[in-house]
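Novice: Let me begin by handing over the structure; questions about it come next.
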Amino acid sequence: MRSGFNLRIKFASLLRRIFSLRFLKFGTVGVSGIVINQGVLYIAQEYIFHVSHVPGEVNWWGLNMSLGMAIYFATLNNFFWNRLWTWADRKHHYDRPWPVQFGQYTLSCGLSIALQILFTNLMAPHVYYLIANFIAIIFTSVLNFILNDIWTFGRVKLLSSSKTRNKSSDDAA
């Protein structure tokens, strides 16, 4: 009986996280990342790699280099805005240097991207591909938010200090 109650509490906590001001900030940062991604992609394609505009002809090397640059700058933008704005209230909890957090953020995003591709491909035979992709984006955005809320920007110091307190009380006993 008690485990069912605990499960309901955990589920309610998860829903509060998803439907929060923090999640709206996360989404706003995500939109800014889309703008950065599209802008860098355009500049790289048009001015850096000078991709041909012949219909049907694609310079795959140039396109993939442009995409790589676009994704990198959008990820950097999103990481720093999320760190400075979305999870600003947790700044005093950071016990890891920002490059480590950036690695965690990148892994979370990479997992979300892979799952978005997988879910879109699994749903596309059953629903219109744009709807399948939209559903996958919503699901993976929520997953990405939860991963970053718990892991990348989580309250690591609070957890480690509570472990230290427990260890100290165990040593005293």
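Nothing in this text is a laboratory measurement; each read-out follows from the coordinates by a stated rule. Only a predicted model underlies this, so the values are computations on that prediction, with no experimental measurement involved. Positions of Cβ are backbone-derived with ideal geometry, glycine not excepted, and every protein chain shown enters the neighbour counts.
Novice: For V54 and L107, FRET efficiency with R0 = 41 Å and r from the beta-carbon atoms, rounded to 0.05?
Specialist: With R0 = 41 Å, the Cβ-Cβ based efficiency is 0.60.
Novice: Something else now. So, R0 is 35 Å and r is the distance between the beta-carbons of H126 and W85; what FRET efficiency does that work out to, to 0.05?
Specialist: Efficiency for this residue pair is about 0.40.
Novice: So, one more: Report the chymotrypsin sites (Phe, Trp or Tyr not before Pro) located in the stretch 104-147 that are in a DSSP loop and have at most 11 other Cβ atoms inside 10 Å of their Cβ, or state none. Mind showing how you got there, number by number?
Specialist: Numbers: sites: Y105, F119, Y128, Y129, F134, F139, F145; in loops: Y128.
Filter output for the stretch 104-147: Y128.
Novice: Now for a different question. Diagonalise the Cα gyration tensor of the stretch 1-135 and give the resulting equivalent ellipsoid semi-axes, square root of 5 times each eigenvalue, largest first, whole Å. Don't skip to the answer; put the middle values down first.
Specialist: Numbers: eigenvalues 238, 102, 31 Å².
After scaling each eigenvalue by five and taking roots: 34, 23, 12 Å.
Novice: Can you figure out the FRET efficiency of T28 with I150, using R₀ = 25 Å and their beta-carbon distance, to the nearest 0.05?
Specialist: The value I calculate is 0.80.
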